[in-house]
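Here's the structure we're looking at; comments come further down.
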Amino acid sequence: MDFKQRLIHWYSDNKRKLPWRSTKNPYFIWLSEIILQQTQVKQGLPYYEAFIKQYPTIFDLANASEQDVLKLWQGLGYYSRARNLHSTAKHIAFDLDGKFPNNYKDLLKLKGVGDYTASAIASIAFNQVAAVVDGNVYRVLSRFFGIDTPINSTAGIKEFKTLASSLIDKEQPATFNQAIMEFGATQCKPKNPYCIVCPFNDRCVALLKNLVNELPVKLKKTKVTTKYFNFLVFIDNDKNTFLEKRIGKGIWQNLYQFPLIESEKSLKVDEFQKLNTEDTILECTDFEYSLYNETDYVHKLSHQHLHTKFWIIEVDQLPNSSIPISEVKKYPVPILIGKFIDAFNFQTT
DNA sequence: AAGGCGGGGTC
DNA sequence: GACCCAGCCTT
């Protein structure tokens with residue numbers, strides 16, 4: 001049997017039952033693919049279920065507010081996916097009259113849809129012969145063929161795309177694509193792959209040359225920067241607080257947070273007080289504050305380690321731009337803020 | 001071509 | 001700790 005035959009045979013025996021595998025609805029396929037970008041099935045699954053329940057059609061999603069979409073996306077990360085998802089839903093619903101693009105070329109034009117996702121939707125929903133290359137495919141092919149071209153180099157991206165395109169089963173592209181990804185996810189894993197029972201262990205170059213742990217090759221490592229965040233949790237006598245919307249280009253765009261002061265280092269209580277006195281950040285003159293967490297909570301992102309302090313600031317009355325504490329949970333917030341809200345008992349204040 | 005963008009899981 | 005995950009976008 002050749003590669004594709006043996007792979008598809010393995011898939012028929014070992015595939016997981018996943019909800020997006022029992023539909024050809026391009027809206028559902030698209031939704032699942034966006035959710036699964038850089039996200040493991042286990043983590044994305046509950047979000048997929050929540051989205052199809054809340055937004056059964058692309059028109060439901062298009063008619064929602066971005067804030068509501070972000071709220072449902074809360075905790076999944078890479079929030080540009082949610083913003084692009086909503087934007088593209090509106091585009092398809094209103095500009096394209098609800099007609100989902102049905103080929104690789106047109107799918108690629110959609111915001112948030114790159115080569116991988118366009119290939120996935122084209123093959124799975126429309127049976128087009130378009131090879132997917134995701135992290136799983138890079139790993140499977142680099143090991144099976146013993147290719148050490150860095151997978152994130154321009155040459156590597158091109159080489160693996162060409163290779164996958166030459167291997168894909170033209171009679172069943174949807175099955176082939178899902179099979180090779182499933183194989184990479186559950187069998188040819190990054191660490192401790194199941195080579196002993198692998199259907200390819202008679203001719204996997206990496207296994208035969210003892211290079212399984214060396215492949216695939218990836219360039220560079222991400223440099224992590226450390227930042228110091230001070231969130232100001234205002235509370236007034238009427239149980240109001242402040243939230244601000246994050247704008248600009250950085251992390252958590254369009255999500256909400258307690259007013260933030262970034263500092264060069266972790267602030268002690270007197271340093272925080274000095275900062276406020278000098279900069280008159282707190283316009284209210286009559287207030288009491290306390291530090292919620294004595295030791296920084298360290299929130300780790302891929303590129304940033306956020307050393308975070310929450311300062312509780314009690315005042316008599318906040319301006320009209322404040323919101324009732326009871327409404328805080330309506331706003332999409334970073335998981336860091338969400339965990340604080342859950343842990344901090346507003347009622348006792 | 002390089003860097004930014006989340007949060008969770010594994011080893 | 002380091003690395004990975006059904007990648008994409010901007011510069």
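The values are calculated or read from the model by the stated rules, or taken from the named source; none is laboratory data. None of the values given here were measured: they were computed from a predicted structure. Neighbour counts are summed over all protein chains in view; Cβ atoms, including those assigned to glycine, are modelled from backbone coordinates with ideal geometry. The area values use the complete protein model at the heavy-atom level, side chains included, leaving out ligands, DNA and RNA. Shrake-Rupley method; radii C 1.70, N 1.55, O 1.52, S 1.80 Å.
What do you reckon, is residue A:202 more than 16 Å from DNA strand B (Cβ to nearest atom), open to solvent by 60 Å² or more (accessible area, probe 1.4 Å) and not assigned by TED's automatic domain parsing to the domain that holds residue A:290? Write out each step before concluding.
On the way: more than 16 Å from DNA strand B (Cβ to nearest atom): yes; open to solvent by 60 Å² or more (accessible area, probe 1.4 Å): yes; not assigned by TED's automatic domain parsing to the domain that holds residue A:290: yes.
Criteria met by residue A:202.
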Only helices (runs of 4 or more DSSP H) wholly contained in the stretch A:53-122 count here; list those with 3 or more residues that are aliphatic (A, V, I, L, M). A:58-62, A:66-73, A:80-90
Conditions (1) assigned to a loop (DSSP other than H, G, I, E, B); (2) outside the structural domain of residue A:83 (by TED's automatic domain parsing); (3) away from DNA strand C (no atom under 12 Å from the Cβ) -> residue A:147 fails only (2)
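Within the stretch A:311-342, which residues are in contact with a helix residue (DSSP H, G or I) (Cβ under 8 Å, 6 or more places away or on another chain) and either open to solvent by 10 Å² or more (accessible area, probe 1.4 Å) or free of Cβ contacts under 8 Å to residues at least 60 places away in the same chain (or both)? Talk me through it step by step, then tell me what you get.
First, pick out the residues of the stretch A:311-342 that are in contact with a helix residue (DSSP H, G or I) (Cβ under 8 Å, 6 or more places away or on another chain): A:311, A:325, A:328-333, A:341.
Hits for the stretch A:311-342 are A:325, A:329, A:330, A:331, A:341.
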Residue within the stretch A:234-254 that is β-branched (Val, Ile, Thr) and without any contact (Cβ under 8 Å) to a residue 60 or more places away in the chain present: yes
When you scan the stretch A:57-73, do you find a residue that is open to solvent by less than 40 Å² (accessible area, probe 1.4 Å), without any contact (Cβ under 8 Å) to a residue 60 or more places away in the chain and within 13 Å of DNA strand B (Cβ to nearest atom), even just one? no
Return the residue satisfying two criteria in turn: it lies in the stretch A:161-180 and is within 14 Å of DNA strand C (Cβ to nearest atom) and under 19 Å from residue A:203 (Cα atoms), and of such residues it is farthest from the chain's Cα centre (by Cα). A:164
Taking the residues in the stretch A:265-287 that are at pLDDT 85 or above and assigned to a loop (DSSP other than H, G, I, E, B) as candidates, determine which candidate is most open to solvent (accessible area, probe 1.4 Å). A:268
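Determine which member of the set A:155, A:185, A:130 is within 25 Å of residue A:5 (Cβ to Cβ), at pLDDT 95 or above, part of a helix (DSSP H, G or I) and not aromatic (Phe, Trp, Tyr).
A:185
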Residue by residue through the stretch A:60-110, note down the ones that are among the hydroxyl-bearing types (Ser, Thr, Tyr) and within 16 Å of DNA strand C (Cβ to nearest atom). A:78, A:79, A:80, A:87, A:88, A:104
What is the residue count in the stretch A:11-36 for residues that are surrounded by fewer than 19 Cβ atoms within 10 Å (Cβ to Cβ), near DNA strand C (Cβ under 10 Å from one of its atoms) and assigned to a loop (DSSP other than H, G, I, E, B)? 3
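If a residue has to be over 24 Å from residue A:318 (Cβ atoms) and modelled with pLDDT of 95 or more to count, how many in the stretch A:227-264 make the cut?
Looking only at the stretch A:227-264, we keep the residues that are over 24 Å from residue A:318 (Cβ atoms), and these are A:227-228, A:248-251, A:253, A:264.
Checking the rest, the ones that are also modelled with pLDDT of 95 or more come to A:227-228, A:251, A:253.
Summing the residues that are over 24 Å from residue A:318 (Cβ atoms) and modelled with pLDDT of 95 or more in the stretch A:227-264 gives 4.
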How many residues does the stretch A:111-143 contain that are open to solvent by less than 30 Å² (accessible area, probe 1.4 Å), within 16 Å of DNA strand B (Cβ to nearest atom) and farther than 30 Å from residue A:191 by Cβ? 1
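Mind telling me which of the residues A:127, A:177, A:136 ends up being at positive phi and out of contact with any strand residue (DSSP E or B) (no Cβ under 7 Å at 6 or more places or on another chain)?
Details: A:177 fails: at positive phi; A:136 fails: at positive phi.
Exactly one residue qualifies, and that residue is A:127.
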Just give me the residues in the stretch A:311-349 being basic (Lys, Arg) and either at pLDDT below 95 or assigned by TED's automatic domain parsing to the domain that holds residue A:69 (or both), in sequence order. A:329
Within the stretch A:75-97, tally of residues that are aromatic (Phe, Trp, Tyr), open to solvent by 50 Å² or more (accessible area, probe 1.4 Å) and within 9 Å of DNA strand B (Cβ to nearest atom): 1
